[in-house]
Amino acid sequence: MTSLLRQEIATSATTLVVKVGTRVLTGADGLLDYDQIARLGEDLHRVVTMGRRVALVSSGAVGAGMGRLGMSRRPTDLAQLQAVAAIGQSALVEAYERSLHAHGRHAAQILVTAEDMEDRVRYLNARNTLLTLLDFGAIPIINENDTLSIEELRTTFGDNDRLAAIVTNLIRAPLLVLLSDVEGLYDGVPGEPGVRIIQTVTRLEDSVYGLVRDRAGGLGKGGMASKLEAARLATTAGENVIIASGRTPGILAKILAGEEIGTLILAQGQTIGARKRWIGFSVQPRGHLVLDDGACRAIRSGGRSLLPIGVLDTVGRFEKGDVVALRDTNRVEFARGLTNYSSDEIGRIKGLQTNEIAGVLGHHPYDELIHRDNMVVTR
């Protein structure tokens, strides 16, 4: 069954990002399911044949490495985990190349770290490379560089759902498809009588997040909670998201035909420009500011800049030009922006009128702590 809304979204999706999870690509033994990868390769080929461009964010490197090494448990030692990922990554890309080569297409391996996305020059270089690969008709196979990403050093995305949302914003793809081992977001506990898939989510509210029923264990790092967070990052920037089962034959063709399959999460606002996408959804904040209710309203509803008088507290150490998060009095983040002052300077001038800045700091380069042109409302 198709719907007019889904058909309109599918028609506009000339470029799409597809994320496939570990549980879709591997069996219970941790080995790669080569038949499944072959089916996915055929599905990707059909998408390109339709005249679309598609980038694939693929999990499975650690699971594939575990299978090759005969491991039954995910390593907890960082060096071992990174080595297993390195072994598995080659197997993963080889499998994609074979499946795509059978249809006359090529896989292109792209390994990134969070640092690549946070550095503006490297971010733009990654964007240019990806767009050029898409122009060539190749399928970029994107994964986090697990051999270099270290969570303690803030160089990890956390999971590939978030990476997929960042890639969606990077290339401004109108549609993000998150393929999982579940068929979508359920309106209750899966398997219980009367529980159904939610076909469309118009707003990502607390009631939607309350429906998450993730199971523990397994090889994958993500779950429905991480998929909804990825959906928030993409839909806030003006793109649509579909969560569906990666085990459904011809799933991408069905989605692009406008079939009511999986859960569609609608764009939450107007499309955001490339630079603001980088500020709001790619860079991890170096600290945050707590604002009073008046400042929160002025930014959320009025599109205003942030002035010192609206700041109640500053947390973390950051310098001029860093991205910082803006939080309300409940400590809930709702925006991000590039700061014109360091954390030390803001700590001295918070709560003051603009005309008092020079008297405290000895200089007054900017009226605004964060100008509205360098700010993005993220929630």
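Residues of segment 280-298 that are buried (at least 21 other Cβ atoms within 10 Å of the Cβ) and among the aliphatic types (A, V, I, L, M): Leu289, Leu291, Ala295. Picking from residues in segment 106-141 that are of a type in the set (S, T, N, Q) and at pLDDT 90 or above, the one that is farthest from the chain's Cα centre (by Cα) is Thr132.
Does Leu361 satisfy the condition of being within 24 Å of the chain's Cα centre (by Cα) and free of Cβ contacts under 8 Å to residues at least 60 places away in the same chain? Judged against the criteria, Leu361 is not a match. Mind listing whichever residues of segment 316-343 are surrounded by fewer than 13 Cβ atoms within 10 Å (Cβ to Cβ), within 22 Å of Arg300 (Cα to Cα) and among the charged types (D, E, K, R)? Correct list: Arg331 only.
Considering only residues that are of a type outside the set (A, V, I, L, M, F, W, C) and touching a Ser or Thr at 6+ places or on another chain (Cβ under 8 Å), look in segment 344-363 and name the one that is surrounded by the fewest Cβ atoms within 10 Å (Cβ to Cβ).
First, pick out the residues of segment 344-363 that are of a type outside the set (A, V, I, L, M, F, W, C): 344-345, 347-348, 350-351, 353-356, 359, 362-363.
This time we only want the ones that are touching a Ser or Thr at 6+ places or on another chain (Cβ under 8 Å), so: 347, 350.
Details: Gly347: 13, Lys350: 19.
Ranking the candidates gives Gly347 first.
Look at Val332 and say whether it is at pLDDT 90 or above, of a type in the set (Val, Ile, Thr) and under 29 Å from Asp119 (Cβ atoms). For Val332, the condition - at pLDDT 90 or above, of a type in the set (Val, Ile, Thr) and under 29 Å from Asp119 (Cβ atoms) - is met.
Please work out if Val62 is under 22 Å from the mean Cα position of the chain (by Cα) and either closer than 22 Å to Ile265 by Cβ or without any contact (Cβ under 8 Å) to a residue 24 or more places away in the chain (or both). Working first, answer last.
Values: under 22 Å from the mean Cα position of the chain (by Cα): yes; either closer than 22 Å to Ile265 by Cβ or without any contact (Cβ under 8 Å) to a residue 24 or more places away in the chain (or both): no.
So Val62 fails the test.
Here is the figure for segment 11-52: residues that are within 19 Å of Leu264 (Cα to Cα), out of contact with any Ser or Thr (no Cβ under 9 Å at 6 or more places or on another chain) and not β-branched (Val, Ile, Thr) total 2.
I'm trying to understand the selection: among the residues of segment 227-281, which are basic (Lys, Arg), more than 19 Å from the chain's Cα centre (by Cα) and not in a loop (DSSP other than H, G, I, E, B)?
Correct list: Lys254 only.
Screening the candidates Ser301, Ser305 for the property of being surrounded by fewer than 18 Cβ atoms within 10 Å (Cβ to Cβ) and either over 17 Å from the mean Cα position of the chain (by Cα) or not acidic (Asp, Glu) (or both) yields one hit, Ser301. Of the residues Gly321, Gly302, the single one that is of a type in the set (Gly, Ala, Ser), free of Cβ contacts under 8 Å to residues at least 12 places away in the same chain and part of a loop (DSSP other than H, G, I, E, B) is Gly302.
The values are calculated or read from the model by the stated rules, or taken from the named source; none is laboratory data. It should be emphasised that the depicted structure is a prediction, and the values quoted were computed from it without experimental measurement. Every residue, glycine as well, gets a Cβ built from its backbone with ideal geometry; the counts of neighbours run over all protein chains shown.
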